[in-house]
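Visitor: Structure in structure tokens, see below.
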Amino acid sequence: MSAFQQRVFSGVQPTGNLHLGNYLGAIQKFVDLQDNYDCMYCVVDMHAITVWQDPNELRDNIREVTAAFLAAGIDAKKHIVFNQSRVPQHAELAWVFNCVARMGWLNRMTQFKEKAGKDRENASVGLFAYPALMAADILVYRGTHVPVGDDQKQHLELARDIAQKFNNDFADSIAANGHADGFFPLPEPLITGPATRVMSLRDGSKKMSKSDASDLSRINLRDDAEQIAAKIRKARTDPEPLPSEAKGLEGRREADNLVGIYAALSGDSRDKVLSEFGGGQFSSFKQALADLCIEKLAPITSEMRRMQADTAYIDSVLEDGGVRARELAQGTMDQVKDIIGLLR
Ligand code: TYM
């Protein structure tokens, strides 16, 4: 049996354009996990500034992600919702992890390579060190379970490597401080369900992303019903009718993506969806998908808009969450200092 108390941690960057991929890959799962775990959901503003952000937009975006969490059904009283920069212990532990992680490990991170592009010399140091901060986010609460989309898998593996190396490097001191099974748990990624990687509506080989130049590529949580319907109508497909089993989606990326989105929104499997729509044309499936998407998203987006107008309320949620998070994080940092030999 694990010696660690189970705790869910996850984060979303406030970089604008929250989309259906963020919702299905992450936020919808955050909501589901609340019944069985103690959860911490964080607006990771310090990750956002690894690329330059306009200060006014950043403030708005932090509040928007918070509103999305709450509107989707996260209970900020029972669980903890906060923004990362309110809890300085994340940065403090990230520094320790910068000294544990190896250059070679970070050099392998595909997200850094993608985001830095060709001009790597000009990327911020923060963008390179990003995964060490992400490990600190989770481990400063000794988090055990991390719901994320598929694109975060490599970062989670790195977090496990950092936890493992810390436990090994300081094994004697950790034992002397009374921890028989190592100090940090190895956090487990929860990458489950039919929509762990929602793809662009315009190009089935690219994931749906906040930064895609084409707004038609994604359904934003800011979109209204008309925009959602139009984007799904225009989504790329292929000329074949839908297959009647999930196996028939192989090699049909766009069809697979739309069926996956339907499955995730309805809570069914791809096979179940295809038992209803298999053999049919895309036009009628797209109509059903648009209706479902609007039915599920409209209550969330309208509640989001309502909440965003009440910045005082949003800010009070973040402040309260920050106080509770800091208390937990300070407990971990005190122990980390004792373990590594820093006086406090
Ligand atoms: P971010 O802000 O890019 O995305 C937030 C969450 O949405 C998921 N996601 C997707 N899921 C399915 N299909 C897609 N197209 C799609 N696009 C995004 C992401 O996988 C993520 O779960 N590094 C993280 C934030 C982070 C974090 C953490 C997460 C910082 N610290 C600690 C977990 C634990 C990020 O950039 O997510």
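The values are calculated or read from the model by the stated rules, or taken from the named source; none is laboratory data. Computed from a predicted structure; not experimentally measured. Glycine gets a Cβ as well: all are built from the backbone with ideal geometry, and neighbour counts include every protein chain shown. For accessibility, only protein heavy atoms count, side chains too; no ligands or nucleic acids. Shrake-Rupley method; radii C 1.70, N 1.55, O 1.52, S 1.80 Å.
Visitor: Those residues that are assigned to a loop (DSSP other than H, G, I, E, B) and either in the same structural domain as residue 145 (by TED's automatic domain parsing) or open to solvent by 20 Å² or more (accessible area, probe 1.4 Å) (or both), I need them from the range 201-217; list them, please.
Guide: 202, 203, 205, 206, 209, 210, 211, 212, 213, 214
Visitor: Oh, and also: For the range 171-193, what are the residues that are open to solvent by less than 60 Å² (accessible area, probe 1.4 Å) and assigned to a loop (DSSP other than H, G, I, E, B)? Before the answer, list the steps.
Guide: Step one: filter the range 171-193 for residues open to solvent by less than 60 Å² (accessible area, probe 1.4 Å), giving 171, 173-174, 179, 182-185, 187, 189-191, 193.
Those that are open to solvent by less than 60 Å² (accessible area, probe 1.4 Å) and assigned to a loop (DSSP other than H, G, I, E, B): 179, 182, 183, 184, 185, 187, 191, 193.
Visitor: Having 2 or more residues that are within 20 Å of residue 314 (Cα to Cα) is the bar; report the helices (runs of 4 or more DSSP H) wholly within the range 1-117 that clear it.
Guide: Counting at least 2 such residues, we get 28-33, 45-48, 55-72.
Visitor: Turning to a different aspect of this structure: Quick check on the range 156-169. Is at least one of its residues surrounded by fewer than 22 Cβ atoms within 10 Å (Cβ to Cβ) and under 20 Å from residue 22 (Cβ atoms)?
Guide: Taking every residue of the range 156-169 in turn, at least one turns out to be surrounded by fewer than 22 Cβ atoms within 10 Å (Cβ to Cβ) and under 20 Å from residue 22 (Cβ atoms).
Visitor: So residue 104 clears everything in (1) open to solvent by 60 Å² or more (accessible area, probe 1.4 Å); (2) over 20 Å from the mean Cα position of the chain (by Cα) except one condition, right? Which one?
Guide: Failed condition: (1).
Visitor: Just to be sure I understand the filter: pairs with C-beta atoms under 7 Å, separated by 6 or more residues or on different chains, first member in the range 141-164 and more than 18 Å from residue 89 (Cβ to Cβ) and assigned to a helix (DSSP H, G or I), second member at pLDDT 95 or above and among the aromatic types (Phe, Trp, Tyr). Which pairs pass?
Guide: If the second residue must be at pLDDT 95 or above and among the aromatic types (Phe, Trp, Tyr), the pairs left are 158/105; 161/105.
Visitor: If you scan the range 55-96, which residues turn out to be more than 20 Å from residue 136 (Cα to Cα), touching a residue at least 40 places away in the same chain (Cβ under 8 Å) and among the basic types (Lys, Arg)?
Guide: If the condition is that a residue be more than 20 Å from residue 136 (Cα to Cα), touching a residue at least 40 places away in the same chain (Cβ under 8 Å) and among the basic types (Lys, Arg), then 63, 78 are the ones that fit.
Visitor: Do we find a residue being touching a Phe, Trp or Tyr at 6+ places or on another chain (Cβ under 9 Å), away from the ligand (no atom under 16 Å from the Cβ), without any contact (Cβ under 8 Å) to a residue 40 or more places away in the chain and open to solvent by less than 60 Å² (accessible area, probe 1.4 Å) anywhere in the range 227-234?
Guide: no
For every residue, the table says whether it meets (1) hydrophobic (A, V, I, L, M, F, W, C); (2) assigned by TED's automatic domain parsing to the domain that holds residue 125; (3) open to solvent by less than 40 Å² (accessible area, probe 1.4 Å).
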residue: 24; (1), (2), (3): yes, yes, yes
residue: 30; (1), (2), (3): yes, yes, yes
residue: 34; (1), (2), (3): no, yes, yes
residue: 55; (1), (2), (3): no, yes, no
residue: 69; (1), (2), (3): yes, yes, yes
residue: 76; (1), (2), (3): yes, yes, yes
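Visitor: Okay, next question. Going through the range 9-44 one residue at a time, which ones are more than 26 Å from residue 201 (Cα to Cα), more than 11 Å from the chain's Cα centre (by Cα) and near the ligand (Cβ under 10 Å from one of its atoms)?
Guide: Of everything in the range 9-44, just one residue is more than 26 Å from residue 201 (Cα to Cα), more than 11 Å from the chain's Cα centre (by Cα) and near the ligand (Cβ under 10 Å from one of its atoms), namely 40.
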